[in-house]
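Novice: Take this structure first; my questions come after.
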Amino acid sequence: MAEIEFERRLERLFAEAPELSDAGPFADRVERRLNTGWQTRRWLIGAAGVAGGVIGASQLIMSNVFQRLENAGDSARVLQQGISQITPHEGWLSGFADGGAVVWVASALAIVAMGFALTRVIEEL
Amino acid sequence: MAGATPLRFANLHDVELCTHAATGERRAFGELVRRHGSAVRGLLRRMGAQVSEADDVAQDAFLTAFERIAEFRGEGTFAGWVKRIAARSYLRRLQREKRLGMFGSETLENEPEGRVAGDADAAIDLDGALKTLGPAERLCVSMCFGAGLSHAEAAEALNLPLGTVKSHVKRGLEKLRARLAPGGAVGEGRRGNG
């Protein structure tokens, strides 16, 4: 028998592995381990998120951010008044109740953007 | 739920299942394990792993394959890809447990021929024939012809010189050729061992 022919036959024999009787339970065990790993990963990400949220919230409170936001609101109000003096005929900023609303809307958009980014990161993981 | 693989997965090609698995669909990957688990476990047993050890290594290999599924580009078969992962994983295990040292020897004694005994009706019994090979020959032949590694890749994985691997393969092939040839030594070996 030619050498190459025998080697091909050997490859075929290796490829023709018999189906084992416990193929189903084996696959179930692997799937279970996959699911366990996935759940663990989700819990870890969730726990990390909660911890990060708690730390972030505590930092916000500790740094008097709300006081600063009010100050920023006042500044925005002053800025709006200045702009309305410069462009008295244009009412493009009149849609906002006051400068404080602008700050809160911007904050809300930032939070939504962060949430979107976090979701993408979790999906990538 | 176990055993309740959706029909849509059962009808898909391996490459399509890999695409689903790459998006995190674990049941699609479960279908791949269902299809190819026996082949991977069989290869590990042929490499010389005990039944429970082969199952452990195969499980780890499939989990690794799931983690790295994005690397599988559909060049070659999924089964071949996982077999290579499993073979390398088994070798790492042998290295960790310091069971690879003996494979460097060129003059390794074979296992007793009596282990060939098996189903008397089987005309061609690769598993039985492999048992007549020495551990190093068996490992090298299985890696090259079962897992599809080149001699160089096998040498690298085994941390052996290329020439040593080639001579293990050559000797192993000679023995297998004698055993698996029609009317060859399989029957003779069995007769010789009662």
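Bear in mind that the values in this text are calculations on the coordinates, not laboratory data. Just so we're clear, the structure is a prediction, and the values are computed from it rather than from any experiment. With ideal geometry, Cβ positions are generated from the backbone for all residues, glycine too; neighbour counts draw on all protein chains shown.
Novice: Ranked from highest to lowest mean number of other Cβ atoms within 10 Å per residue, what is the order of the peptides B:154-163, B:84-93?
Specialist: In descending order of packing, they fall as B:84-93, B:154-163.
Novice: Further question on the same structure: Shielding of B:125-131 by partners, i.e. mean partner chain Cβ atoms within 10 Å per residue?
Specialist: Across B:125-131, the average partner-chain Cβ count within 10 Å equals 2.
Novice: Could you tell me the center-to-center distance, by alpha carbons, between the range A:2-74 and the range B:28-83 in angstrom?
Specialist: Measuring centre to centre over Cα atoms gives 19 Å.
Novice: Calculate the translational D of the range A:24-79 in whole µm² s⁻¹ from Stokes-Einstein, where the hydrodynamic radius comes from the Kirkwood formula applied to all Cα pairs, the temperature is 25 °C and the viscosity 0.890 mPa s.
Specialist: 163
Novice: Further question on the same structure: Rounded to a whole number, what is D in µm²/s for the range B:10-71 from Stokes-Einstein with the Kirkwood radius over alpha-carbon pairs (37 °C, 0.692 mPa s)?
Specialist: Translational D for this selection: 273 µm²/s.
Novice: Continuing with the same structure: Of all the Cα-Cα pairs you can form in chain A, what percent are over 21 Å apart?
Specialist: That tail contains 70 percent of the Cα-Cα pairs.
Novice: Now a separate question. Scan around B:LEU133 for amide H atoms under 5 Å from its own, H built in the peptide plane at 1.01 Å from N, and keep only partners 5 or more places away or cross-chain.
Specialist: none
Novice: Given that compact globular proteins tend to follow 2.2 N^0.38 Å, what is the ratio of the alpha-carbon Rg of the range B:39-97 to that value?
Specialist: Working it through for the range B:39-97, the quotient is 1.07.
Novice: Averaged over its residues, how many other protein chain Cβ atoms are within 10 Å of peptide A:4-12's Cβ atoms?
Specialist: 4
Novice: Sticking with this one: Determine the shielding of peptide A:18-25 by partner chains: average, over its residues, the number of Cβ atoms on other chains within 10 angstrom of each Cβ.
Specialist: 5
Novice: At a 10 angstrom cut-off on C-beta neighbours, averaged per residue, how do the peptides A:31-42, B:61-72, A:58-69 rank from highest to lowest?
Specialist: B:61-72, A:31-42, A:58-69
Novice: Cα axis of helix A:65-86 to longest principal axis of chain A: angle in degrees, 0 to 90, nearest 10?
Specialist: The two axes meet at around 60 degrees.
Novice: Measure nothing but the geometry: give the 0 to 90° angle between the long axis through the Cα atoms of A:23-62 and the longest principal axis through the Cα atoms of chain A, rounded to 10°.
Specialist: It works out to around 20 degrees.
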